[in-house]
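Below is one structure, written out as structure tokens, with a few remarks after it.
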Amino acid sequence: MEGAEDRMATIRDVARAAGVSVTTVSATINESAPVSAVLKARVMEAIRQVGYTPNPVARNLRLGHSNLIGLSVPDIASPYAASIAKSLQIALSDKGYSMFFASNGDNYARELADVARMVEHQVAGLAVLPTCLGPDYTENLVARINCPSVFMDRIVPGAPYDCVADDNHLGARLIVTHLLQLGHRAIAMIAGRTGISSSDERLQGVGNALAQAGHPLAPEFIRTHHQTEEHGFRAVQDLMARANRPSAIITINAAQTRGAVKALRSMQFACPRDVSLISFDGFHFSSGFEPEITSLEQDIAGIGEATSAMLVERLARARGPQAGADDIPPRLLRLAPKLMVRSSCRAVGSVSV
């Protein structure tokens, strides 16, 4: 088309090329009204000829709503967040939504800025794996959100949004029961940063399960504020340097587990010969690695599907005849993990619980 290289093609260019009205082109692109197969084919061919690219922002403004969902996570490169993103994208795509990501590096200020930017770009809704960092966290995050949202993995007290999370107390019972059945009593735990619900619940769950079995978690075997691989490395070195070493170590994430394995190697300890290793997080080098790590397996597909379903339901209510009158209180859905027994734990002493 003459002059097309000097400017972007418009919907009017498409209409002229197809010999139809602008209304027909709009109805074809937006699927807002019935269009015959013949006319639709003509319009699509004209779009190809003139090189027209629909403007999604303009489309959203015309329709009065967006089909974009924003996803905010601490680290999109982490196996857990990447798997969640993939699962959520599949579930939302099946419902006609697109998704874009923001990875904040576990940085509170960047998280707030990312969420605000997504809202400015008129996302229909948000899926958030929150950092749970910074002063007045709940108030500052909620103040930047003005659309239906669902939180994942971590519960933010006082946040008026649905949340999908692991059943961490069930996971703790599965881990503790397995270790006790193998005869372990000197059990250590490397927990994460306090104030993160998943970390707090896992530590509390392990403590409760051991106490109920009559084998309380010894204070000297607890390490908190250990999120990273380096933290896990140092914690295991410290634990294994003790005169009364643990016979089993529980980690809560993949980074800790990597650090734990490296620490044991650096001290020439073998797992599980010298110490058993078990994790709440199944996203690490289990398959093909020696030893393969016994761990919980989270229902990642379930998290994506549940988050998608809750979000789409909230969006439907927000756009319905009584928009703004969503009176369903925030919901918390817990998904059960499964224990995958591999080769990183062995029986010691008596096996009676």
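The values are calculated or read from the model by the stated rules, or taken from the named source; none is laboratory data. Small disclaimer: the values here were computed from a predicted structure and weren't measured. Backbone-built Cβ (ideal geometry, glycine too); neighbour counts: all protein chains shown.
Scanning segment 99-125 for residues that are modelled with pLDDT under 90 and either touching an Asp or Glu at 6+ places or on another chain (Cβ under 9 Å) or assigned to a strand (DSSP E or B) (or both) returns a single hit, PHE100. Pick from segment 196-255 the residues that are within 20 Å of VAL348 (Cβ to Cβ) and among the small types (Gly, Ala, Ser): which of them is nearest to the chain's Cα centre (by Cα)? Here the residue is ALA209.
Can you find a residue in segment 44-57 that is closer than 30 Å to ALA306 by Cβ, out of contact with any strand residue (DSSP E or B) (no Cβ under 7 Å at 6 or more places or on another chain), at pLDDT below 90 and not in a loop (DSSP other than H, G, I, E, B)? Among the residues of segment 44-57, at least one is closer than 30 Å to ALA306 by Cβ, out of contact with any strand residue (DSSP E or B) (no Cβ under 7 Å at 6 or more places or on another chain), at pLDDT below 90 and not in a loop (DSSP other than H, G, I, E, B), which makes the answer yes.
Can we say CYS163 is within 28 Å of GLN122 (Cβ to Cβ), buried (at least 20 other Cβ atoms within 10 Å of the Cβ) and out of contact with any helix residue (DSSP H, G or I) (no Cβ under 8 Å at 6 or more places or on another chain)?
Details: within 28 Å of GLN122 (Cβ to Cβ): yes; buried (at least 20 other Cβ atoms within 10 Å of the Cβ): yes; out of contact with any helix residue (DSSP H, G or I) (no Cβ under 8 Å at 6 or more places or on another chain): yes.
Judged against the criteria, CYS163 is a match.
The condition (being out of contact with any Phe, Trp or Tyr (no Cβ under 9 Å at 6 or more places or on another chain), part of a loop (DSSP other than H, G, I, E, B) and either among the small types (Gly, Ala, Ser) or surrounded by 15 or more Cβ atoms within 10 Å (Cβ to Cβ) (or both)) is satisfied by just one residue among ILE84, ILE155: ILE155.
Looking at GLY195, is it in contact with a Gly (Cβ under 9 Å, 6 or more places away or on another chain), surrounded by fewer than 20 Cβ atoms within 10 Å (Cβ to Cβ), assigned by TED's automatic domain parsing to the domain that holds PHE221 and outside any helix (DSSP H, G or I)? No; evaluated as a whole, the condition is false for this residue.
Could you list, in sequence order, the residues of segment 69-81 that are surrounded by 19 or more Cβ atoms within 10 Å (Cβ to Cβ), touching an Asp or Glu at 6+ places or on another chain (Cβ under 7 Å) and not hydroxyl-bearing (Ser, Thr, Tyr)? Matches in segment 69-81: PRO74, ALA81.
For segment 286-298, state whether one or more residues are touching a residue at least 40 places away in the same chain (Cβ under 8 Å), charged (D, E, K, R) and in contact with a Lys or Arg (Cβ under 6 Å, 6 or more places away or on another chain). Yes, segment 286-298 contains a residue that is touching a residue at least 40 places away in the same chain (Cβ under 8 Å), charged (D, E, K, R) and in contact with a Lys or Arg (Cβ under 6 Å, 6 or more places away or on another chain). Of the residues in segment 287-301, at least one is out of contact with any helix residue (DSSP H, G or I) (no Cβ under 9 Å at 6 or more places or on another chain), over 30 Å from ARG331 (Cα atoms) and of a type in the set (Ser, Thr, Tyr).
Restricting to segment 218-261, what's the tally of residues that are outside any helix (DSSP H, G or I) and aliphatic (A, V, I, L, M)? Qualifying residue count for the region: 8. Among residues of segment 130-141 that are among the aromatic types (Phe, Trp, Tyr), none has a Cβ under 7 angstrom from a residue that is assigned to a helix (DSSP H, G or I) at a sequence gap of 6+ or on a separate chain. Inside segment 205-219, residues that are surrounded by fewer than 16 Cβ atoms within 10 Å (Cβ to Cβ) and either in contact with a Ser or Thr (Cβ under 9 Å, 6 or more places away or on another chain) or under 18 Å from GLN256 (Cα atoms) (or both) make up a count of 1.
Within segment 262-284, the set of residues being assigned to a loop (DSSP other than H, G, I, E, B) and in contact (Cβ under 8 Å) with a residue 40 or more places away in the chain comprises CYS271, PRO272, ARG273, PHE280, ASP281, GLY282, PHE283, HIS284. Of the residues making up segment 162-180, those that are in a helix (DSSP H, G or I) and either within 15 Å of ALA211 (Cα to Cα) or not polar (S, T, N, Q) (or both) are HIS169, LEU170, GLY171, ALA172, ARG173, LEU174, ILE175, VAL176, THR177, HIS178, LEU179, LEU180. Summed over segment 76-96, residues that are free of Cβ contacts under 8 Å to residues at least 60 places away in the same chain and among the β-branched types (Val, Ile, Thr) total 1.
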